[in-house]
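Everything below concerns the one structure shown next.
The values are calculated or read from the model by the stated rules, or taken from the named source; none is laboratory data. Nothing here was measured: the structure is a model prediction, and the numbers come from that model. Note: ideal-geometry Cβ built from the backbone for every residue, glycine included; neighbour counts use all protein chains shown.
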Amino acid sequence: MLLNSLLDRLDALAPAEDKGRLARRARAIRQRLEAANALRFEAIRVAIRRGEGRDALAAFAGDGEACRAGDAYDWRDELVAGVLPFGEPGEAAALPPEMVFYQPTPARHVFDLLDRLALDADDVLVDLGSGLGHVPLLTAICTPARGIGIEIEPAYVAAAHACAQALQLGNAQFVQGDARAADFAVGSVFYLYTPFTGSVLRSVLDALRCQAAHRSFRVCSFGPCTAVLAAEPWLAGEDAAASGRVAIFHTRR
Ligand SMILES: C[S@@+](CC[C@H](N)C(=O)[O-])C[C@H]1O[C@@H](n2cnc3c(N)ncnc32)[C@H](O)[C@@H]1O
């Protein structure tokens, strides 16, 4: 991405007689860097298949930099996109009103969340509206917990499932369906990156509230739906919902 924009700037700024030579050099450097990236991505995939994905990604996930607020993407998203073999997902159908189109949670927020959740082998993280499955996949790669994705779009579910199989991740599962019909009895952590709004969000929150009458769990959210969750009397915020990071709520009994 950075190199492409450098190539564009070079084209705009370099004197005409130097343009061809400089552009050729820049392209050669880009090819070498892309080849180095491809090797690194494959090495990380090999580590994931060996069950060592957490360590392989740790250098990038927890680089000591504070998790930057907001929904902009950065180099960690390129890393995750390079490592996770999604292939080309098929065409997604148009969604009904109140259901939000696919957009992945920025990878730094996923790493930050997994760090803060400190999941163990008994935990099950359910991503309600999981898209291509980054959150359940990274859960399965970086923690001992199980990651489950519920997603309405069949093409995304197929891509996520193929990725989990290619990486031999037995603890990442994907279910195609409407989140309103999910089995809410399964899950110690539920995650929502504003997958739906209005009455769809209301019915999912009502189903979670019913579960909360019987057992404790955490609900995490990113984006505008966080304000709705923060107003739910059966949820208590672990941290400031307006921090720009993923918010973590605990059920109240
Ligand atoms: C903003 S994306 C979030 C993707 C993913 N959770 C992530 O953070 O990377 C919202 C996703 O929810 C899905 N979605 C919308 N309405 C849904 C519903 N009623 N049931 C299941 N999935 C739904 C969309 O297809 C989309 O993939």
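General observations
- Residue that is nearest to the ligand (Cβ to nearest atom), among those in region 131-155 that are within 17 Å of residue 85 (Cβ to Cβ) and not in a helix (DSSP H, G or I): 131
- Residues in region 117-130 that are outside any helix (DSSP H, G or I) and among the aliphatic types (A, V, I, L, M): 118, 119, 121, 124, 125, 126, 128.
- Any hit, region 109-116, residues being outside any helix (DSSP H, G or I), in contact (Cβ under 8 Å) with a residue 24 or more places away in the chain and either in the same structural domain as residue 198 (by TED's automatic domain parsing) or more than 11 Å from the ligand (Cβ to nearest atom) (or both): no
- Exclusive hit being outside the structural domain of residue 163 (by TED's automatic domain parsing), loosely packed, with under 13 Cβ neighbours inside 10 Å and more than 18 Å from the chain's Cα centre (by Cα), set 93, 35: 35
- Of all the criteria given as (1) under 20 Å from residue 246 (Cβ atoms); (2) away from the ligand (no atom under 15 Å from the Cβ); (3) of a type outside the set (D, E, K, R), the one not satisfied by residue 53 is (1).
- Residue check, residue 196 away from the ligand (no atom under 13 Å from the Cβ) and touching a Gly at 6+ places or on another chain (Cβ under 8 Å): no
- Evaluation of residue 85 against the conditions (1) at pLDDT 85 or above; (2) in contact with a helix residue (DSSP H, G or I) (Cβ under 6 Å, 6 or more places away or on another chain); (3) over 23 Å from residue 168 (Cβ atoms) shows that the sole unmet condition is (3).
- The one condition in (1) closer than 18 Å to residue 104 by Cα; (2) at pLDDT 85 or above that residue 41 fails to fulfil: (1)
- Residue in region 130-146 that is surrounded by fewer than 18 Cβ atoms within 10 Å (Cβ to Cβ) and in contact with an Asp or Glu (Cβ under 7 Å, 6 or more places away or on another chain) present: yes
- Pair list, Cβ under 6 Å, 6 or more apart: region 84-105 residue farther than 30 Å from residue 40 by Cα and assigned to a loop (DSSP other than H, G, I, E, B), other residue among the small types (Gly, Ala, Ser) and near the ligand (Cβ under 9 Å from one of its atoms): none
- Condition check for residue 69: of a type in the set (A, V, I, L, M, F, W, C), under 18 Å from residue 163 (Cβ atoms) and more than 15 Å from the ligand (Cβ to nearest atom): no
- Selection status of residue 168, assigned to a loop (DSSP other than H, G, I, E, B) and within 27 Å of residue 56 (Cα to Cα): yes
- Matching option when the condition is more than 8 Å from the ligand (Cβ to nearest atom), surrounded by fewer than 24 Cβ atoms within 10 Å (Cβ to Cβ), in the same structural domain as residue 243 (by TED's automatic domain parsing) and modelled with pLDDT of 95 or more, among 119, 125: 119
- Selected residue [away from the ligand (no atom under 13 Å from the Cβ), under 22 Å from the mean Cα position of the chain (by Cα) and closer than 22 Å to residue 103 by Cβ] from 222, 190, 249: 249
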